[in-house]
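To start, the structure under review is shown below, and the notes come after it.
Coordinate-derived values only; no laboratory data. Note that the structure is predicted; figures quoted are calculated from it, not measured. Here the Cβ positions follow ideal geometry from the backbone for every residue, glycine too, while neighbour counts run over all protein chains shown.
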Amino acid sequence: MARRYRRRGLPKTARGLVGLAGDVTGASVLEVGGGIGDLTLELLERGAGRATNVELSGGYEDAAAALLSEHHLGERVERHVADFVDEQGVVEPHDVVVLHRVVCCYPDADALVGAAAAHTRRRLLLTYPRERALTRLGVRAVNAWLRLTGCGFRTYLHPAARIAAAAEQAGLALESRAPRGPVWESASFARPR
Ligand SMILES: C[S@@+](CC[C@H](N)C(=O)[O-])C[C@H]1O[C@@H](n2cnc3c(N)ncnc32)[C@H](O)[C@@H]1O
């Protein structure tokens with residue numbers, strides 16, 4: 001992933017989500033499930049002040065540290081390896097909160113989106129799979145493969161309405177959606193002023 005990012009930059013869905021972020025000058029950014037942290041890097045380079053990345057898997061840390069050092073941004077980013085839902089109490093609210101392709105990797109969308117929304121001061125940005133036959137089939141196929149290989153991890157197709165309801169319950173309002181791709185849909189929710 002880091003090699004791909006160095007060669008080709010952010011994937012298209014991530015670029016769409018960055019487009020929904022608006023002016024991030026000076027903003028604090030919390031990315032949940034940010035993987036190697038490429039999207040966070042992009043927001044920092046667009047003027048965000050500092051960032052926190054809470055990632056469940058420790059497997060990205062070396063690649064993330066290398067990218068931060070190459071971009072001279074290590075001092076502005078704090079990384080935690082943790083389940084955000086469990087550790088939400090130790091993370092303070094941030095201006096912009098990002099979940100790019102994360103909700104589909106967590107069984108409880110209400111808990112994850114609700115916690116992310118509760119930590120959003122200004123704007124919550126989400127990318128999740130569209131509800132359609134193609135993605136339903138994809139999720140079933142991936143889960144069948146994971147079952148076969150003995151992996152306990154599963155993917156989920158949470159309804160978009162449920163994701164929106166969890167954000168709205170925490171006081172956010174739907175602001176805009178990025179043009180949909182065949183698999184992914186992105187949306188931003190804002191806290192009314
Ligand atoms: C499909 S990957 C996407 C990584 C990155 N956002 C991207 O789009 O390249 C989903 C990531 O979300 C992380 N994740 C899932 N649930 C999480 C949670 N509750 N807290 C923190 N990270 C989580 C997983 O560990 C995984 O790295």
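Observations on the structure shown:
- Evaluated against (1) within 12 Å of the ligand (Cβ to nearest atom); (2) touching a strand residue (DSSP E or B) at 6+ places or on another chain (Cβ under 6 Å); (3) under 13 Å from Val32 (Cβ atoms), Thr120 falls short on exactly one condition, (1).
- Test: residue in segment 130-140 that is surrounded by 14 or more Cβ atoms within 10 Å (Cβ to Cβ) and under 15 Å from the mean Cα position of the chain (by Cα): no
- Residue in segment 48-64 that is under 18 Å from Ala116 (Cα atoms), crowded, with 19+ Cβ neighbours inside 10 Å and touching a residue at least 60 places away in the same chain (Cβ under 8 Å) present: no
- Restricting attention to segment 156-172, the residues that are surrounded by fewer than 17 Cβ atoms within 10 Å (Cβ to Cβ) and either touching a helix residue (DSSP H, G or I) at 6+ places or on another chain (Cβ under 7 Å) or within 15 Å of Ala118 (Cβ to Cβ) (or both) total 6.
- For segment 140-170, a residue qualifies if it is in a helix (DSSP H, G or I) and touching a strand residue (DSSP E or B) at 6+ places or on another chain (Cβ under 7 Å), and the qualifying residues are Ala160, Ile163, Ala164, Ala167.
- Selection status of Arg162, of a type in the set (D, E, K, R) and within 14 Å of Ala190 (Cα to Cα): no
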